[in-house]
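Here is the structure we will look at.
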Amino acid sequence: MIPPIISRRRLLAGAGLLALQGQPWASEAGAWPARPIRLVVPGPPGAGSDIFARLLSVPLQQALGQPVVVDNKPGANGLIGNDTVAKAAPDGYTILLSPSSAIAINPVIQPKMPYDTQKDLLPIAQVGAAGILLVANPATGIRSLADLVRQARANPDKLACGSWGNGSTGHLVLEGIKAQYGIGIAHVPYKGVSPLVTDLLGNIIGVGFVDIASPVPHIRSGRLLALGSTGSARGPALPEVPTLTEQGYRSDVDGWYGIFAPAATPREVVARLNQEINRILSTEEIIQKFAAQNMPRPPIKNAEQFGATVHRDLAIWQSLAKVARLRVE
């Protein structure tokens, strides 16, 4: 016969196991990570988000002792990749590296979102902060923002400018330029930066807004010309390229890349990821690798501070979208 006290202990232990079975991630949180981690990138291979994800994934894999596998899911200005993570199990094994446009702009201009950015995605760490580049094919003869404005005025509604999608940062900045200078330029949305850069190199489209990193080799080779950058400062890899603010169009809001997880991801996992990512971003090796990709020294923020940045930028882009009267149907 089993003594009553032992029987009761066994019953309580069994009840505890049943409770954990109802939360499949709870049993793994203490030993996290126990298997590979998927790092979703809402852009194609070669885009800025992909470049920085791959730079980060190698040291993060070493720090966590598990493979960190980059999974590209481009399309719809980041909606597809972000939605994948928003709907994933909150167990720390599916995380997101997203540009700010897909996080802070989409909710402002998209009438129907498949997820709630602020409720379904949990900010973990900010990976970088910089502007984007306005570039042109040399055959256009456009060398600066002033040249672009002059050509647009001389050829009303005949110029076109590409971006990596409807509602992207470049799309919003373009609409602001058009409104400030009273010019007509057609917006051409692409399914990511990589196909846009390909068409810019072939002069299929003459001008476009691209990320801060992927066109750098083409600019250095002279195959593309950098007309200017958004953001608060010039990029470290292209210090000769002036900001758009220096050229008369104020565009000093920095974009960023950030790591997110599904809501309800265990706090212990969030804290570990934030700690390891910030440690990696503070190393001289990563600082130099980011600078080579035209990204300034990454800011170091805890998860709450990064969440405050996301909340602030939502308000900033909402006001800019109203000025530009931009809404994607």
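Overview of values
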| read-out | value |
| --- | --- |
| Ranking of 38, 312 by count of other Cβ atoms within 10 Å, fewest first | 312, 38 |
| Sequence-separation-based contact order of the stretch 133-229, relative, with Cα cut under 8 Å and 6+ spacing, percent | 46 percent |
| Antiparallel DSSP beta bridges within the stretch 133-229, as percent of all bridges there, nearest 5 | 55 percent |
| Rounded if a/c under 1.5, otherwise prolate or oblate - the chain, Cα gyration tensor axes | prolate |
| Within the chain, percent of DSSP bridges classed antiparallel, to nearest 5 | 55 percent |
| Dipole magnitude of the stretch 133-229 about its Cα centre (Cβ charges: Lys, Arg +1; Asp, Glu -1), debye to nearest 20 | 180 debye |
| The chain: relative contact order as a whole-number percent, Cα under 8 Å and 6+ apart | 25 percent |
| Nearest-20 debye value, the chain charge dipole, Cβ charges on Lys, Arg, Asp, Glu | 340 debye |
| Shape call, the stretch 207-264: gyration tensor on alpha carbons, a/c limit 1.5 | oblate |
| Relative contact order (percent, whole number), the stretch 49-179, Cα cutoff 8 Å, 6+ residue spacing | 23 percent |
| Residue-averaged 222 nm ellipticity for the chain, from DSSP H runs of 4+ at -39500 (n - 2.57), nearest 500 | -12500 deg cm²/dmol |
| Anisotropy class of the stretch 95-169 from Cα gyration tensor, a/c 1.5 cut | prolate |
| Among the listed pairs 301/322; 73/191; 73/322; 87/112; 119/191, those beyond 22 Å (Cα-Cα) | 301/322; 73/322; 119/191 |
| Dipole of the chain, positive direction: furthest Cα of 228, 135, 213, with charges on the beta-carbon | 213 |
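Every number in this text was worked out from the coordinates using simple rules, so none of it is lab data. Given the structure is predicted, the values throughout are model-derived calculations rather than measurements. Note that each Cβ is placed from the backbone with ideal geometry, even for glycine, and that neighbours are counted across all protein chains shown.
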